[in-house]
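**Student:** Take this structure first; my questions come after.
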């Protein structure tokens with residue numbers, strides 16, 4: 001787990017599920033500089049053995 005943020009989940013009486021989050025510092029920039037965010041796929045360590053299969057499910061990534 002990367003620990004980018006903390007989340008809590010709340011389900012309404014009607015069944016909708018909402019997620020509220022608070023980011024940690026440095027948040028997503030712990031993996032890559034802010035100017036590079038979103039330019040490559042970052043996989044959490046617990047899924048490293050499944051990296052290729054997960055990326056294959058994404059399809060083609062474009063700029």
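**Student:** Restricting the search to the range 22-63, which residues are surrounded by fewer than 10 Cβ atoms within 10 Å (Cβ to Cβ) and in contact with a strand residue (DSSP E or B) (Cβ under 9 Å, 6 or more places away or on another chain)?
**Tutor:** Correct list: 22 only.
**Student:** Given (1) touching a strand residue (DSSP E or B) at 6+ places or on another chain (Cβ under 8 Å); (2) modelled with pLDDT under 90, identify the lone condition not met by residue 2.
**Tutor:** Only one criterion in (1) touching a strand residue (DSSP E or B) at 6+ places or on another chain (Cβ under 8 Å); (2) modelled with pLDDT under 90 is unmet by residue 2, namely (1).
The values are calculated or read from the model by the stated rules, or taken from the named source; none is laboratory data. Computed from a prediction, not measured in an experiment: that's the story for all the values here. Here the Cβ is made from the backbone with ideal geometry for all residues, glycine too, and neighbour counts use every protein chain on show.
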